[in-house]
Amino acid sequence: MNMAKIIENKTILPEPTIRRLPWYLSYVRMLNNLHVEYVSSTQISKELNVQSSQIAKDLSFLNIRGKTRIGYEVSSLVSELEDFLGFNRHHDAVVIGTGSLGTALMQDHGLENYGLHIVAGFDVREEVIGTRIGGLPVYDINQLADWQKEHNVSIAILTVPVERAQETASLAISSGMTALWNFTPYRIKAPGDVIIANTSIYAHLAIIYNRMHGHEQ
């Protein structure tokens, strides 16, 4: 599914642009912490290996433009990017599937720096149901629909085995969740109004291995 974001003037941002914006934010956050006041697209380009013209184009979608010979005001750029990306707003989420990956995400409180607050986990295994991971409760997956009625969380993070991916996604959607962050290597099907982001660790591994073997030849 091609994800895009619509801003006030109804301009639709291409997915590659949305993917680059967090890179820019991470870099200018670092500059802001170092009390740097201004940065040019050329400087950002050198650090991130993205053409300066592309950076200027990406930021212009957000109506952000630098000053001639000075560049972008760093603190303002941080605020604009955080606001547009939603990183400065609170988004609750649940993890479905508390295996090794699910557990790691529940224990990663650094995600809160990007507005994502995991509030609970769900699983089918009796040995983990009723326990806590990273201080967060783990519930029986059969409780998801009733739990959702009370808490109204929008985001479900799927870290279940591949053979349970579609079934779990369908359960999350029927329970009222409208956004799925899918870590399984399965392309789940969902209604058009459900937002899906696929993050395939295995696909990235395949790219790494392929490039490594290509260099070895």
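How much of the DSSP beta bridge set in the chain is antiparallel, as a percent to the nearest 5? Working shown, then result.
Numbers: 7 of 28 bridges.
Around 25 percent antiparallel, to the nearest 5.
So, counting K/R as plus one and D/E as minus one, what does the shell of residues with Cβ under 15 Å around Asn182 add up to?
Spelling it out: positives minus negatives among the neighbours equals +1.
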Can you run phi through the Karplus equation (6.51, -1.76, 1.60; θ = phi - 60°) for the stretch 89-100 and list ³J(HN,Hα) in whole Hz, with x for Gly and Pro? 10, 8, 10, 7, 8, 10, 9, 10, x, 9, x, 4
Dipole check, the chain, charges on Cβ (K,R +1; D,E -1), about Cα centroid: among Ser154, Ser175, Gly130 the Cα furthest to the positive pole belongs to Ser154
Other residues with Cβ under 14 Å from the Cβ of His35 give, with Lys and Arg +1 and Asp and Glu -1, a net charge of -1
Within 10 Å of each residue's Cβ, count the other Cβ atoms and sort Tyr139, Tyr209 from fewest upward. Tyr209, Tyr139
Helix-only mean residue ellipticity at 222 nm, the chain, DSSP H runs n ≥ 4 weighted -39,500 (n - 2.57), per residue, nearest 500. What is it? -12500 deg cm²/dmol
Local net charge near His91, Cβ-Cβ under 14 Å (Lys/Arg +1, Asp/Glu -1): -3
Per-residue HN-Hα couplings for the stretch 131-145, Karplus 6.51 cos²θ - 1.76 cosθ + 1.60 at θ = phi - 60°, whole Hz, x for Gly and Pro? 8, 10, 10, x, x, 9, x, 10, 10, 5, 4, 5, 8, 4, 4
Cut-off 10 angstrom, C-alpha nodes, Gaussian network model of the chain. Which of Asn182, Asn49, Asn88 fluctuates the most? Asn49
Any idea which of Val28, Ile55, Ser79 is furthest toward the positive side of the dipole for the stretch 5-84, if Lys and Arg beta-carbons carry +1 and Asp and Glu beta-carbons -1? Ile55
Per-residue ³J(HN,Hα) for the stretch 45-50, Karplus 6.51 cos²θ - 1.76 cosθ + 1.60, θ = phi - 60°, Hz, x for Gly and Pro: 4, 5, 7, 10, 6, 10
Hey, got the dipole for the stretch 5-84? About the Cα centre, +1 on K and R Cβ, -1 on D and E Cβ, debye to the nearest 20? 260
Under the rule of at least 5 residues apart or a separate chain, name every residue whose amide H is placed under 5 Å from the amide H of Ile118. Ala93
Which of Met106, Met212 comes first, and how do the rest follow, when ranked by fewest Cβ neighbours within 10 Å? Met212, Met106
Here the relative contact order (percent) of the chain, from C-alpha pairs under 8 Å and at least 6 apart, is 14
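Bear in mind that the values in this text are calculations on the coordinates, not laboratory data. For clarity, every value in this text was computed on a predicted model and none was experimentally measured. Cβ coordinates were reconstructed from backbone atoms using ideal geometry, including for glycine residues, and neighbour counts include every protein chain displayed.
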